[in-house]
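*Asks:* Have a look at this one before I ask anything.
The values are calculated or read from the model by the stated rules, or taken from the named source; none is laboratory data. Everything numeric in this text was worked out from a predicted model, so none of it was measured. No Cβ is skipped: glycine too gets one built from the backbone with ideal geometry, and neighbour counts run over all protein chains shown. The protein model used for the area step is the full one, side chains on, heavy atoms only, and it has no ligands, DNA or RNA in it. Shrake-Rupley method; radii C 1.70, N 1.55, O 1.52, S 1.80 Å.
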Amino acid sequence: MSAEGGRRLHPASLITGILDSIRSSILALLPIFGSIAFAERPFVSVPIAFLILAGLILVPTIKWMRFRYTIGDDALVIEQGVISRQRRVIPFERVQDIDVERGPIARATGTALVKVETGGGGKDEGTLDVVTLAEVERLRAAIRGWRGAAPATDAAATEVAASPPDQLIYAMPISRVVLSGVLGFSLVSIAVIFGALQYVEPLVEGTRYDVYDFIREQVGSRRIDPREAATGARMLATAAFVASLVGAALVLGFVTGIVLALLRDFGFRLSWSGAAFRVRRGLLTIREVQVPRGRVQRVILKAPLLLRLMKYRRVELGTIGGASEMGGSHVVAPLARSEEINRITDLLHLDAAPAGWRRGHGLMVLQRSGRLLTAMLTPMVVLGVLVPWTLPLVPVVLIPILAVGWLAWRGERHAIEQGALHVRNGILGIRHVIVPMRRIQSVTIRRGWIERAIGLSSVIVDVAGASTYTVPVVSGLVPDDARRLAAALLIGRRG
Amino acid sequence: MSAAETLAGEALDPLDPRYRTVLRLGSLVAALPLLVAAVVADAVLSSRFDFAFGAIASGIALLLISWVLVSPARRFNAWGYRLDGDELNVARGVLTRTHSIVPLQRVQHIDVGQGAIARRFGLAELVVHTAGTHGAAVTIPGLALPEAERLRDEIRLHIRREAE
């Protein structure tokens with residue numbers, strides 16, 4: 001396959017490239033323009049300014065001219081670089097998923113930004129910024145048509161290229177997007193708003209209104225004059241102020257939650273092409289992600305407390321290259337009922353609700369409350385020996401710690417069903433990870449020092465594309481069970 | 001605890017005995033600056049706060065001696081490895097014991113490396129990389145260089161066979 005010739009990116013990318021380079025160097029340009037405007041002799045500055053401006057236009061133009069891509073039979077080839085040329089070959093075999101993003105400008109010009117993920121760790125592995133929609137379709141068809149082994153792919157390719165229209169698996173009406181915004185309410189957004197307020201203030205000249213000063217003034221006035229602050233009216237006013245502040249924060253939190261959800265998930269559609277999932281979502285910027293079935297490393301079903309109370313779960317698919325998303329996985333259903341989840345897992349030949357859940361050994365309660373327990377127990381006992389009357393306090397401290405450990409133990413369970421390992425845990429919210437055993441990278445039996453003290457083991461199941469703390473761990477196993485589970489996983493891996 | 005009794009109940013091979021010396025030297029290199037610091041601190045503090053010179057330093061020296069003499073042997077004994085069919089077994093860890101099993105089919109690439117001290121003893125370490133997260137790199141230190149190369153070649157052969 002030859003990459004000679006190749007195609008250039010859409011001219012629109014040249015314009016955005018120039019705008020980007022001007023924007024990024026605007027701070028450096030300001031003093032120069034300032035010197036033209038205010039200097040006594042602007043003759044020196046004017047040519048410099050022209051040179052810089054020319055450079056700002058020229059560099060992106062040359063970059064654009066030197067960027068070529070070729071959609072080959074079995075690979076995407078990208079050639080770029082002005083001084084040092086770089087030729088990158090991305091075999092379709094290695095493509096994990098394709099991410100298509102269309103902001104307002106791209107939608108007006110009929111173009112899109114394409115990211116091809118290979119799981120190679122790098123950020124910009126194969127970014128085409130930007131190409132026409134026809135090119136996106138051509139790239140997709142090429143990747144879809146690639147069947148890996150056979151040289152006789154021609155028939156298969158044409159057959160797939162003329163594949164039936166996508167089958168709709170899951171969609172979110174606007175009401176559900178709003179609901180997901182409400183349930184996705186987070187205190188983080190409130191913190192962000194209050195943080196942003198600090199930046200807004202200096203802009204509002206003259207008013208000098210500082211939220212924090214105001215709070216200090218209201219709440220802290222007691223320190224200034226205790227007698228005055230002690231009067232009922234003053235306290236009432238303070239309480240009312242604090243209450244209204246909390247109320248405003250709640251409203252703000254919900255409103256931002258809803259706005260963010262609408263921007264992100266408006267018109268959410270999950271469809272099935274016969275070999276890949278396709279997610280389409282977004283209000284202003286429309287994003288389209290395609291995840292081939294064969295690339296799914298694990299399925300994550302999440303139910304944070306609010307979702308759990310409403311009997312909804314969020315479905316994520318973990319792939320190796322899902323680096324553009326948080327936690328290395330793609331959300332394919334932000335708010336789904338059981339039957340909707342089943343539709344997704346059925347396509348992956350997985351069972352979302354295994355029957356044979358198993359809990360860890362009861363002594364695991366000690367392990368789950370372990371760190372807090374050991375941190376508290378020793379000083380409490382020492383104190384109890386030195387100051388005997390504090391001894392009755394020991395259970396008062398220990399009981400809530402053990403209760404948390406007990407809840408954690410209750411929430412934790414695992415199952416093996418239909419060739420997949422299920423690991424579920426959580427106290428208030430629930431997280432359920434399904435790992436097809438074929439996807440297991442390695443298995444580790446671990447005994448930490450607490451585990452050794454209570455005679456239990458854990459089995460760590462390594463999968464590709466997970467972040468360190470999302471790797472599934474089955475705990476509370478007696479050594480024989482740990483051995484058996486590890487053996488079962490390694491045998492199951494062979495399919 | 002010996003390498004023979006591991007978590008997975010598998011009989012594993014110990015590392016090269018020379019690796020015990022390497023561990024000891026490594027501990028020694030790390031311990032010497034600490035000992036010097038302890039002696040200096042002792043000299044300064046004992047003159048200022050009026051207690052016998054050597055009270056702090058001897059205590060710390062005892063700790064360091066046990067670290068250099070006793071702990072390397074324990075760490076050495078915790079290690080074990082075995083290439084068993086198409087699976088690589090590696091056990092390690094004194095406080096937290098782990099036993100990892102890596103299917104050779106999952107190996108992405110293999111490194112054989114030699115540290116400065118290990119090289120003097122003709123030892124090498126084998127690092128096996130997978131696409132995973134938690135155990136993305138499984139390391140076996142303290143192998144005689146020929147043994148490390150033998151393991152590497154065997155794993156490579158296995159991967160090649162699998163690809164065909």
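*Asks:* If you go through the range B:1-20 one residue at a time, how many are more than 13 Å from B:Pro141 (Cβ to Cβ) and either within 14 Å of chain A (Cβ to nearest Cβ) or modelled with pLDDT of 85 or more (or both)?
*Replies:* So the count comes out to 11.
*Asks:* Here is a list: A:Val435, A:Val443, A:Val461. Which entry is touching a residue at least 60 places away in the same chain (Cβ under 8 Å) and surrounded by 20 or more Cβ atoms within 10 Å (Cβ to Cβ)? Full working, then the answer.
*Replies:* Numbers: A:Val443 fails: touching a residue at least 60 places away in the same chain (Cβ under 8 Å); A:Val461 fails: touching a residue at least 60 places away in the same chain (Cβ under 8 Å).
It is A:Val435.
*Asks:* Given the conditions (1) in contact with a Lys or Arg (Cβ under 7 Å, 6 or more places away or on another chain); (2) within 13 Å of another protein chain (Cβ to nearest Cβ); (3) in a strand (DSSP E or B), report the number of the one that A:Val443 does not fulfil.
*Replies:* Answer for A:Val443: the failing condition is (1).
*Asks:* How many residues are more than 10 Å from every other protein chain (Cβ to nearest Cβ), open to solvent by 50 Å² or more (accessible area, probe 1.4 Å) and either part of a helix (DSSP H, G or I) or among the polar types (S, T, N, Q) (or both) when one looks only at the range B:104-116?
*Replies:* Within the range B:104-116, residues that are more than 10 Å from every other protein chain (Cβ to nearest Cβ), open to solvent by 50 Å² or more (accessible area, probe 1.4 Å) and either part of a helix (DSSP H, G or I) or among the polar types (S, T, N, Q) (or both) number 2.
*Asks:* Another question, if that's okay. Every residue in the range B:132-156 that is modelled with pLDDT under 90 and surrounded by fewer than 16 Cβ atoms within 10 Å (Cβ to Cβ), please.
*Replies:* If the condition is that a residue be modelled with pLDDT under 90 and surrounded by fewer than 16 Cβ atoms within 10 Å (Cβ to Cβ), then B:Ala137 is the only one that fits.
*Asks:* Just give me the residues in the range B:102-117 being small (Gly, Ala, Ser) and at pLDDT 90 or above, in sequence order.
*Replies:* If the condition is that a residue be small (Gly, Ala, Ser) and at pLDDT 90 or above, then B:Gly113 is the only one that fits.
*Asks:* Here's another thing I want to ask about it. Being part of a strand (DSSP E or B), more than 8 Å from chain B (Cβ to nearest Cβ) and open to solvent by 30 Å² or more (accessible area, probe 1.4 Å) is the requirement here; does A:Ile416 meet it?
*Replies:* On the way: part of a strand (DSSP E or B): yes; more than 8 Å from chain B (Cβ to nearest Cβ): yes; open to solvent by 30 Å² or more (accessible area, probe 1.4 Å): yes.
In short, yes.
*Asks:* If B:Arg82 satisfies all but one of (1) within 11 Å of chain A (Cβ to nearest Cβ); (2) open to solvent by 60 Å² or more (accessible area, probe 1.4 Å), what's the number of the condition it fails?
*Replies:* (1)
*Asks:* Among A:Ser457, A:Ser475, which is the only one that is more than 10 Å from chain B (Cβ to nearest Cβ), hydroxyl-bearing (Ser, Thr, Tyr) and over 25 Å from the mean Cα position of the chain (by Cα)? Give the derivation first.
*Replies:* On the way: A:Ser457 fails: more than 10 Å from chain B (Cβ to nearest Cβ).
Just a single option satisfies the conditions, and that option is A:Ser475.
*Asks:* Could I ask something else about it? Can you go through A:Ala161, A:Ala152 and tell me which one is modelled with pLDDT under 85, open to solvent by 70 Å² or more (accessible area, probe 1.4 Å) and of a type outside the set (D, E, K, R)?
*Replies:* Just a single option satisfies the conditions, and that option is A:Ala152.
*Asks:* Do we find a residue being more than 14 Å from chain A (Cβ to nearest Cβ), assigned to a strand (DSSP E or B), open to solvent by 30 Å² or more (accessible area, probe 1.4 Å) and more than 19 Å from A:Leu490 (Cβ to Cβ) anywhere in the range B:120-131?
*Replies:* Yes, the range B:120-131 has at least one match.
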